[in-house]
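The values are calculated or read from the model by the stated rules, or taken from the named source; none is laboratory data. These numbers were taken from a predicted model, which means no experiment stands behind them. Quick reminder, even Gly has a Cβ in these numbers, built from the backbone with ideal geometry, and neighbours come from all protein chains shown. Just so you know, the surface numbers come from the protein's heavy atoms only, side chains and all, with ligands and any DNA or RNA stripped out. Shrake-Rupley method; radii C 1.70, N 1.55, O 1.52, S 1.80 Å.
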Amino acid sequence: MGITRQDAAFGIAVINRSSKLLAAAVKLGKDSLIRDAIDEEINYRMLAHSIMEYIKEDQDPVLFEELMHLADTKPIWEYLSRRRTGTLPAKVKDVAEVTDELIAYGNEAFHKGTDEFANLVPFFANPQAKELFDRAVNAGLLKKDYQPAPGVERYQLKVIAIAINAIMKFSFRDKWCHFVEQWGEEINRCMVPLTKGAAINQIVRLYPEVPLWEKIIPENEGKTLRNDYSEEQAKKLFTGLMRKGYLGHHTSLESFLSILGMGQAPFTPINWIDRGYNSLIYFAKEAFGTLNPDILLRLCDCFTCNGKQINHSSLKSRSSYVYRNKDQWDFVPVIDGIIAKARKK
């Protein structure tokens, strides 16, 4: 009678447990522990045979790898070299032989099967993952060896990974590490710039079974400042703020772009170094307030002020004060000029 995948996985787990308990027991040399490690009701040879018969039909590298990681039988064979006769050694030998046979079978099946999945790391060496990677190859985003095509940026790789993650339902533990291994890129540390709509849409169309935009936007939406600037305008805004001494001397353009949901740098707050909150509040409301009704909350995520974390309550109480006394602030015409110059086409 044939067995199911669940039966095969359970059988592998049984042999894995018995072989590892046995390997530990023989090291201690106690017959009572050795007997406890072997389940008298299990025919290990028959179980191993049914597992191998199942795997012939289900060529899944996950099962191959489970077989490859059964117990090292070296201590068991050392024990048998000292105890050659008797009922107990015969049972021990049975488990050792079955374990070695399954390990060899797993290694052979794995290496034979991975020829079909050349250039994919073992975690992705299966038909479903390959088909998902192949979509990106056919779209010109990946080369035939599944490495990034020339000109493809990290955020595009991250969007591909988000799609594959969602379709394959990978666990949190497996969410990024295997993609980093595949591409050699720390894509988990990269922001997806929402201004790159055309490039993102190209990938969205490749994976229609998953609502990609819904998965991309929440990652950025909670922190970045919504805006309608082009990247070129954002660069001019940054240059103006730096020249007039509003941003910390070591602020990079990439860090500034990250708070606008642009660029590839990991999101990180930037430091406003003018005299206090007043100019920051005015700048943020004038530059981004229309699209960010919660602008004061977002400022707490996106900026520090003179190296210190911003207090939302202080911003809230000061905001109306800044605008009531707008005519007295010398920073108002300066900031208005920076914004106007940045928006000029």
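Summary table
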{"item": "Amide hydrogen neighbours beyond the local backbone of Leu142, cut-off 5 Å, H modeled", "result": "Val137, Ala149"}
{"item": "Square roots of five times the Cα gyration tensor eigenvalues for the chain, Å", "result": "62, 24, 15"}
{"item": "Nearest-10 value in Å² for the accessible area of Ser171, using the 1.4 Å probe", "result": "50"}
{"item": "Solvent-accessible surface ranking, highest first, for Ser317, Ser279 at 1.4 angstrom", "result": "Ser317, Ser279"}
{"item": "Calculated from backbone phi, Karplus (6.51, -1.76, 1.60) coupling profile of the stretch 171-177 in Hz, x at Gly/Pro", "result": "6, 4, 4, 9, 4, 10, 4"}
{"item": "Reachable aspartates and glutamates from Lys130, criterion Cα separation under 17 angstrom, eight or more residues apart if same chain", "result": "Asp58, Asp60, Asp115, Glu116, Asp145, Asp174, Glu181, Glu209"}
{"item": "Solvent exposure, largest accessible area first (probe 1.4 Å, DNA, RNA and ligands not counted), of Lys244, Lys169, Lys223, Lys285", "result": "Lys169, Lys244, Lys223, Lys285"}
{"item": "Positive-end extreme of charge dipole, the stretch 1-76 - chosen from Ala24, Ala37, Ala9 (charges on Cβ)", "result": "Ala24"}
{"item": "Cβ-based net charge around Gln233, under 11 Å, with every Lys or Arg adding one and every Asp or Glu removing one", "result": "+3"}
{"item": "FRET E, pair Glu254, Asp327, Förster distance 41 Å, beta-carbon r, rounded to 0.05", "result": "0.65"}
{"item": "Cα-based reach from Lys236 at 20 Å (exclusive), listing aspartates and glutamates while leaving out same-chain residues under 8 positions away", "result": "Asp228, Glu254, Asp274, Glu286, Asp336"}
{"item": "Label-reachable residues, the stretch 48-92, where backbone N falls under 11 Å from a point 7 Å from Asp31's Cα toward its Cβ", "result": "86-89"}
{"item": "Long-range amide H partners of Ile273 with built H, under 5 Å", "result": "Leu247, Gly248, Asn306"}
{"item": "Dipole of the stretch 109-199, positive direction: furthest Cα of Gln156, Pro193, Ala109, with charges on the beta-carbon", "result": "Pro193"}
{"item": "Residues whose placed amide H lies under 5 Å from that of Phe303, excluding near-sequence neighbours", "result": "Ile270"}
{"item": "Cα-based Kirkwood hydrodynamic radius, the stretch 1-105, one decimal, Å", "result": "13.9"}
{"item": "Accessible area of the stretch 253-345 belonging to carbon and sulfur atoms, whole % at 1.4 Å probe", "result": "51"}
{"item": "The stretch 131-143 - phi-based ³J(HN,Hα) in whole Hz, Karplus 6.51/-1.76/1.60, Gly and Pro as x", "result": "4, 5, 5, 4, 4, 5, 5, 5, 7, x, 7, 10, 7"}
{"item": "With all protein chains modelled, accessible area of Tyr54 [1.4 Å, Å²]", "result": "40"}
{"item": "Count of Lys pairs (Cα-Cα under 26 Å; at least 8 positions apart or interchain) in the stretch 243-345", "result": "18"}
{"item": "Which of Phe170, Ala48, Asn306, positive extreme of dipole for the chain (C-beta unit charges)", "result": "Asn306"}
{"item": "Cβ-placed point charges (K, R +1; D, E -1), dipole of the stretch 1-60 about Cα centre in debye, nearest 20", "result": "340"}
{"item": "Rounded accessible area of Thr85 (nearest 10 Å², 1.4 Å probe)", "result": "110"}
{"item": "Ranking by accessible area, most exposed first, for Met242, Met191, Met46 with a 1.4 Å probe", "result": "Met46, Met242, Met191"}
{"item": "Estimated 222 nm signal from helices in the chain, with DSSP H stretches of n ≥ 4 weighted -39500 (n - 2.57), rounded to 500", "result": "-19000 deg cm²/dmol"}
{"item": "Listed peptides 155-165, 87-97, 196-206 by packing density, highest first (mean Cβ within 10 Å)", "result": "155-165, 87-97, 196-206"}
{"item": "Debye, to nearest 20: dipole size of the chain, +1 on Lys, Arg Cβ, -1 on Asp, Glu Cβ", "result": "1840"}
{"item": "Summed residue charge, Cβ within 15 Å of Ala199's Cβ, Lys/Arg positive, Asp/Glu negative", "result": "+2"}
{"item": "Within straight-line cross-link reach of Lys74, lysines at Cα separation under 26 Å, skipping those fewer than 8 residues along the same chain", "result": "Lys20, Lys27, Lys30, Lys91, Lys93, Lys112"}
{"item": "Whole-Hz ³J(HN,Hα) from phi, Karplus 6.51 cos²θ - 1.76 cosθ + 1.60, for the stretch 304-313, glycine and proline x", "result": "10, 10, 6, x, 10, 4, 8, 8, 5, 4"}
{"item": "Size of charge dipole - the stretch 1-145 - debye, nearest 20, with Cβ of Lys, Arg +1 and Asp, Glu -1, no other charges", "result": "560"}
